[in-house]
Amino acid sequence: MPQMRLQHVALTVTDIARSGPWYERLFGFTKVAEFAEPARMQIYLTPDGQALDLRQPTDVDPAPFTERHVGLDHVAFVCADQAELDAWQERLAEMGVITSGVEKSPFGSHLNFRDPDGIPLEFYLPATQ
């Protein structure tokens, strides 16, 4: 069976001028491209080639994001160890981002928060780590 690897996530945002700098600051992304047509779009890369695309269509629906609609529920980023999860919690606190605090479950530890458009994001440490 072929191996599945996630290379990028594309998120629709209501204000790319607000969201772009927020994601840059959080992750230290480098913006590698910006387009104006057919929608405003910015592409960010990490040094290891993972990408985040932000898109702001001209007719973007300004209604708040809800995971109750079919489609995206949340995006989770895996952490290597407890120290990394703790560092993300500290980083989010420095940015003034409201979080769930680290929550433990049988599957691992989760730190949940939302981006400026209310899109749910999570840092996750599997229980085996």
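Data overview
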quantity: Antiparallel content of DSSP bridges confined to the range 1-111, in %, to 5; calculated: 75
quantity: The range 22-54 residues near the modelled VAL97 label - backbone nitrogen below 19 Å, point 7 Å along Cα→Cβ; calculated: 22-32, 42-54
quantity: In nm, spacing of pseudo-spin labels at HIS8 and LEU45 (7 Å Cα→C-beta vector); calculated: 1.0
quantity: Crossing angle, helix 16-27 versus the chain [Cα axis fit, 0-90 degrees, rounded to tens]; calculated: 30
quantity: Value of relative contact order over the range 16-129, rounded to a whole percent, pairs C-alpha under 8 Å and six or more apart; calculated: 22
quantity: Note, ³J(HN,Hα) from phi for the range 114-122, Karplus 6.51, -1.76, 1.60, rounded to Hz, x at Gly and Pro; calculated: 10, 7, x, 9, x, 6, x, 10, 8
quantity: Residue-averaged [θ]222 nm for the chain, counting only DSSP H segments that reach four residues, each worth -39500 (n - 2.57); calculated: -6000 deg cm²/dmol
quantity: Fraction of antiparallel bridges per DSSP, the range 68-129 only, in percent to nearest 5; calculated: 75
quantity: About the Cα centre, charge dipole magnitude for the range 19-124 (Lys/Arg +1, Asp/Glu -1 at Cβ), debye; calculated: 100
quantity: C-alpha long axis of helix 82-94 to longest principal axis of the chain, angle in °; calculated: 50
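Any read-out appearing in this document is the output of simple, stated calculations on the displayed coordinates, not a laboratory observation. The structure displayed is predicted, hence computed values, not measured ones. Positions of Cβ are generated from backbone atoms using ideal geometry, with glycine treated the same way; all protein chains shown enter the neighbour counts.
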